[in-house]
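Comments concern the structure below.
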Amino acid sequence: MPLPELQPLGRTLLLFGALVAGFGLVLLLSPKLPWLGRLPGDIFIRRERFSFYLPLASCLLASLVLSLVLWLAGRFRP
């Protein structure tokens, strides 16, 4: 029988493992999502000897998804 004070640590480790697995899944599926990183709103400037890329819309989308996941995790937390 696990010690009661270790149960929150176990839940935290399971949540962290699920987040790492989800991130790994995104990395595996990223070649199949060609629009990710090329959304309208991503800024790409190419000059003769200079290029600049700012994935603004992609970062906003990633932030929205991550915020939703963390909000849902907080809702189901005892």
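A short reminder: the numbers here are calculations on the coordinates, not readings from a lab. Note that the structure is a prediction, hence the values are computed from the model and not measured. Cβ atoms come from the backbone with ideal geometry, glycine included; neighbour counts cover every protein chain shown.
Only one of Phe52, Phe44, Phe16, Phe76 is in contact with a Leu (Cβ under 9 Å, 6 or more places away or on another chain), among the aromatic types (Phe, Trp, Tyr) and free of Cβ contacts under 8 Å to residues at least 40 places away in the same chain. Can you tell me which? Break it down into steps so the answer makes sense when it comes.
Values: Phe52 fails: in contact with a Leu (Cβ under 9 Å, 6 or more places away or on another chain); Phe16 fails: in contact with a Leu (Cβ under 9 Å, 6 or more places away or on another chain); Phe76 fails: in contact with a Leu (Cβ under 9 Å, 6 or more places away or on another chain).
Residue meeting the stated conditions: Phe44.
So, Phe44, is that one surrounded by 10 or more Cβ atoms within 10 Å (Cβ to Cβ), in contact with a Phe, Trp or Tyr (Cβ under 8 Å, 6 or more places away or on another chain) and either assigned to a loop (DSSP other than H, G, I, E, B) or not charged (D, E, K, R) (or both) or not? So that I can check it myself, show each step before the final result.
Working: surrounded by 10 or more Cβ atoms within 10 Å (Cβ to Cβ): yes; in contact with a Phe, Trp or Tyr (Cβ under 8 Å, 6 or more places away or on another chain): yes; either assigned to a loop (DSSP other than H, G, I, E, B) or not charged (D, E, K, R) (or both): yes.
Here the answer is yes, as Phe44 does meet what is asked.
Find the residue count for the stretch 47-77, including only residues that are of a type in the set (S, T, N, Q) and exposed (fewer than 10 other Cβ atoms within 10 Å of the Cβ). Quick ask: steps written out before the conclusion?
Filtering the stretch 47-77 down to residues of a type in the set (S, T, N, Q) leaves 51, 58, 63, 67.
Still in the running and exposed (fewer than 10 other Cβ atoms within 10 Å of the Cβ): 51.
The number of residues fulfilling the criteria is 1.
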